[in-house]
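The values are calculated or read from the model by the stated rules, or taken from the named source; none is laboratory data. All values reported here derive from a predicted model rather than from experimental measurement. For the accessible areas, the whole protein counts, side chains as well, though only heavy atoms, and no ligand, DNA or RNA atoms are used. Shrake-Rupley method; radii C 1.70, N 1.55, O 1.52, S 1.80 Å.
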Amino acid sequence: SPGQIANATGLPRPTVQRIVDALAFEQFVAADPINGGVRLGAALIRIAGSAHSDFKAMARPHLESLCRRVQETIVLTAHRHGRLAFVDQVLPDRPLQIVINPTLEIDPYFSATGKAHLAAMAPEELERWMPRRLDPPTRHAVASVAAFRRQLEEIRAGGVACDREERT
């Protein structure tokens with residue numbers, strides 16, 4: 001939160017707020033609807049994606065922490081050449097694990113990671129990614145672009161993207 005940042009840095013809270021607002025305008029941070037305060041934004045994630053190995057090493061402890069908390073497979077992806085690329089995954093310590101094949105193409109419209117990326121995009125960037133129509137791979141997948149846009153709004157508001165039997 002801006003208050004925590006002010007305490008940690010010794011900067012006045014109004015100064016921190018101006019810095020956070022400027023970073024949000026440039027999409028380096030975004031509001032965190034789950035924990036309050038701010039989180040890393042889409043612009044920072046895009047920049048980090050260009051520094052693949054360093055980003056992967058820096059992100060790994062956070063992926064492991066999230067995996068321990070939710071006991072689910074955690075997948076890290078990045079934008080690369082107009083597509084979503086697999087970067088890393090962390091598996092939970094339990095008998096049944098879902099392992100994502102890193103060579104598979106990640107569908108941004110019918111996967112949680114793709115939806116999360118799209119929901120974090122600036123409106124003009126999102127328009128470049130939006131198809132004219134959707135070709136749902138299963139009966140559980142969203143069938144129209146209008147419904148998909150509503151789904152992205154829900155993801156932005158709630159901070160969580162899911163896919164439930166949408167790909168297979």
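Accessible surface ranking for Arg46, Arg39, Arg83, 1.4 angstrom probe, highest first: Arg83, Arg39, Arg46. In the context of the full set of protein chains, residues of the chain present 64 Å² of accessible surface per residue (probe radius 1.4 Å, heavy atoms only). Secondary-structure-derived ellipticity at 222 nm for the chain, considering helices only, amounts to -14500 deg cm²/dmol, per-run term -39500 (n - 2.57) for DSSP H runs with n ≥ 4.
Measuring nothing but protein heavy atoms, the accessible surface of the chain at 1.4 Å probe radius is 56 percent carbon and sulfur. Scattering from the range 6-110 was approximated by placing one identical point on each alpha carbon and applying the Debye formula without solvent; log10 I(q)/I(0) at 0.22, 0.23 1/Å stands at -1.28, -1.32.
With N set to the residue count of the range 109-168, report its C-alpha Rg divided by 2.2 N^0.38 Å to two decimal places.
The range 109-168 yields a ratio of 1.03.
Could you work out the percent of alpha carbon pairs in the range 74-138 separated by over 21 Å, rounded to a whole number? For the range 74-138, the share of Cα pairs beyond 21 Å comes to 30 percent. Pairwise inverse Cα distances across the range 48-168, averaged and inverted, put the Kirkwood hydrodynamic radius at 15.4 Å. Normalising the average separation of contacting C-alpha pairs (under 8 angstrom, six or more residues apart) by the number of residues puts the relative contact order of the chain at 15 percent.
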